[in-house]
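Q: Shown below is the structure under consideration.
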Amino acid sequence: MKLYSGTQCLFSHACRFVLKEKDIECNVVFSNDKQVEEMVAELNPYGETPMLADRDLVIYDGMVVNEYLDERFPHPPLMPSDPTTRAKARVMMARLRRDWLDGVQNSIATGTKLEKSLNRSLSDGLVAMSAHFSENKHALGEEFSLVDAYLAVLLWRLPHLKVNLPRQGGRMLDYGKRMFAKPAFQESLSTVEREMRTD
């Protein structure tokens, strides 16, 4: 099994985090040379990372890759077992992607400054979510899930994006620190991502 990954791609990072959290044996190939980029372009019509090759199966789109990994390697489960809560998790991930993740990834990929409206949306939205973590350990309650994988990789990039949360976002920042302290998170970081933070 091979995961073709960007060195600072937010969605690739979430996949690497899931691989480490589940302790899945997988060869991570970073797309930082022309040969790898050509391979990705040949197998993926969008020519982008992350892309997972598992025997004859090729999967792209980070959220699809992570759901596949969770179903292919069910322990520990990173999606709720009941359909209602699982649907809620998918809605949360879809909202994260639509509201923030795609815009953030585009900014990182193009090396451009985050738009003011997105910066404000991130700051205000994360502060609004912060209260949730005064009563819950993770995004869906007590158990780590795929939603946490996306929130964690987003929070890691806040200093790089020059997004500063006010004091009211303290619970969210504390949650982020707990995610960053996980061995699986530390092992998932690329060299470029590690350099995004100095704290």
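Bear in mind these aren't lab numbers, they're just calculated from the coordinates by the rules spelled out. Keep in mind that this is a model prediction, so the values were computed, not measured. Quick reminder, even Gly has a Cβ in these numbers, built from the backbone with ideal geometry, and neighbours come from all protein chains shown.
Q: Within the range 114-143, take every residue that is acidic (Asp, Glu) and farther than 19 Å from Asn66 by Cβ and give me the one that is surrounded by the most Cβ atoms within 10 Å (Cβ to Cβ). Spell out how you get there, then give the answer.
A: The first filter runs over the range 114-143 and keeps only residues acidic (Asp, Glu), leaving 115, 124, 135, 142-143.
Subsequent filtering for residues that are farther than 19 Å from Asn66 by Cβ retains 115, 124, 135, 142.
Working: Glu115: 12, Asp124: 14, Glu135: 8, Glu142: 7.
Per the stated criteria, the residue is Asp124.
Q: Sort through Met79, Met63 and tell me the only one that's among the hydrophobic types (A, V, I, L, M, F, W, C) and part of a loop (DSSP other than H, G, I, E, B). Don't jump to the end; show me each part of the working.
A: Details: Met63 fails: part of a loop (DSSP other than H, G, I, E, B).
Exactly one residue qualifies, and that residue is Met79.
Q: For the range 25-60, give me each residue that is without any contact (Cβ under 8 Å) to a residue 40 or more places away in the chain, among the acidic types (Asp, Glu) and under 23 Å from Arg86 (Cβ atoms).
A: Within the range 25-60, none qualify.
Q: Let me ask something else about it. Picking from Ala41, Ala87, which residue would you name as being of a type outside the set (Lys, Arg) and surrounded by fewer than 12 Cβ atoms within 10 Å (Cβ to Cβ)? Working first, answer last.
A: Details: Ala41 fails: surrounded by fewer than 12 Cβ atoms within 10 Å (Cβ to Cβ).
After applying the criteria, what remains is Ala87.
Q: So Phe73 passes all but one of these: (1) buried (at least 17 other Cβ atoms within 10 Å of the Cβ); (2) in contact with a strand residue (DSSP E or B) (Cβ under 8 Å, 6 or more places away or on another chain); (3) of a type in the set (A, V, I, L, M, F, W, C). Which condition number does it fail?
A: Here Phe73 meets the rest and fails (2).
Q: Sticking with this structure for a sec: Out of all the residues in the range 128-164, which are farther than 30 Å from Asp82 by Cβ and more than 19 Å from the chain's Cα centre (by Cα)?
A: Answer for the range 128-164, where residues must be farther than 30 Å from Asp82 by Cβ and more than 19 Å from the chain's Cα centre (by Cα): just Asn164.
Q: Which number in (1) more than 22 Å from Ser190 (Cβ to Cβ); (2) without any contact (Cβ under 8 Å) to a residue 24 or more places away in the chain marks the one condition that Thr85 misses?
A: (2)
Q: Determine if the range 144-151 includes at least one residue that is surrounded by 12 or more Cβ atoms within 10 Å (Cβ to Cβ), hydroxyl-bearing (Ser, Thr, Tyr) and over 18 Å from Ala14 (Cα atoms). Explain how you work it out, then say what you get.
A: The first filter runs over the range 144-151 and keeps only residues surrounded by 12 or more Cβ atoms within 10 Å (Cβ to Cβ), leaving 144-151.
So of that shortlist, the ones also hydroxyl-bearing (Ser, Thr, Tyr) come out as 145, 150.
Applying the additional criterion that residues be over 18 Å from Ala14 (Cα atoms) yields none.
Checking the range 144-151: not a single residue is surrounded by 12 or more Cβ atoms within 10 Å (Cβ to Cβ), hydroxyl-bearing (Ser, Thr, Tyr) and over 18 Å from Ala14 (Cα atoms).
Q: Another one. So which of Gly111, Gly103, Gly62 ends up being crowded, with 17+ Cβ neighbours inside 10 Å and closer than 20 Å to His160 by Cα? Explain how you work it out, then say what you get.
A: Working: Gly111 fails: crowded, with 17+ Cβ neighbours inside 10 Å; Gly62 fails: closer than 20 Å to His160 by Cα.
So the residue among Gly111, Gly103, Gly62 that is crowded, with 17+ Cβ neighbours inside 10 Å and closer than 20 Å to His160 by Cα is Gly103.
Q: If I filter the range 160-199 down to residues being hydroxyl-bearing (Ser, Thr, Tyr) and part of a helix (DSSP H, G or I), which single residue comes out as nearest to Leu122 (Cα to Cα)? Lay out the reasoning, then the answer.
A: Taking the range 160-199 as the starting set, the residues that turn out to be hydroxyl-bearing (Ser, Thr, Tyr) are 175, 188, 190-191, 198.
Now narrow it down to the ones that are part of a helix (DSSP H, G or I): 175, 188, 191.
On the way: Tyr175: 16, Ser188: 23, Thr191: 25 Å.
The residue in question is Tyr175.
Q: Just a yes or no: is a residue in the range 139-159 under 25 Å from Asn32 (Cα atoms) and in a loop (DSSP other than H, G, I, E, B)?
A: Checked against the condition, which is being under 25 Å from Asn32 (Cα atoms) and in a loop (DSSP other than H, G, I, E, B), the range 139-159 yields at least one hit.
Q: Right, next: Does Leu114 satisfy the criteria of being in contact with a Ser or Thr (Cβ under 8 Å, 6 or more places away or on another chain), part of a loop (DSSP other than H, G, I, E, B) and touching a residue at least 12 places away in the same chain (Cβ under 8 Å)?
A: Details: in contact with a Ser or Thr (Cβ under 8 Å, 6 or more places away or on another chain): yes; part of a loop (DSSP other than H, G, I, E, B): yes; touching a residue at least 12 places away in the same chain (Cβ under 8 Å): yes.
It is true that Leu114 is in contact with a Ser or Thr (Cβ under 8 Å, 6 or more places away or on another chain), part of a loop (DSSP other than H, G, I, E, B) and touching a residue at least 12 places away in the same chain (Cβ under 8 Å).
Q: Under the condition of being free of Cβ contacts under 8 Å to residues at least 40 places away in the same chain and charged (D, E, K, R), which residue from the range 153-177 is farthest from Val104 (Cα to Cα)?
A: Arg167
Q: Checking the condition within 25 Å of Ala184 (Cβ to Cβ), surrounded by 14 or more Cβ atoms within 10 Å (Cβ to Cβ) and in contact with an Asp or Glu (Cβ under 6 Å, 6 or more places away or on another chain), which residue from Ser5, Ser31, Ser12 passes?
A: On the way: Ser5 fails: in contact with an Asp or Glu (Cβ under 6 Å, 6 or more places away or on another chain); Ser12 fails: in contact with an Asp or Glu (Cβ under 6 Å, 6 or more places away or on another chain).
None of the other options fit; the residue is Ser31.
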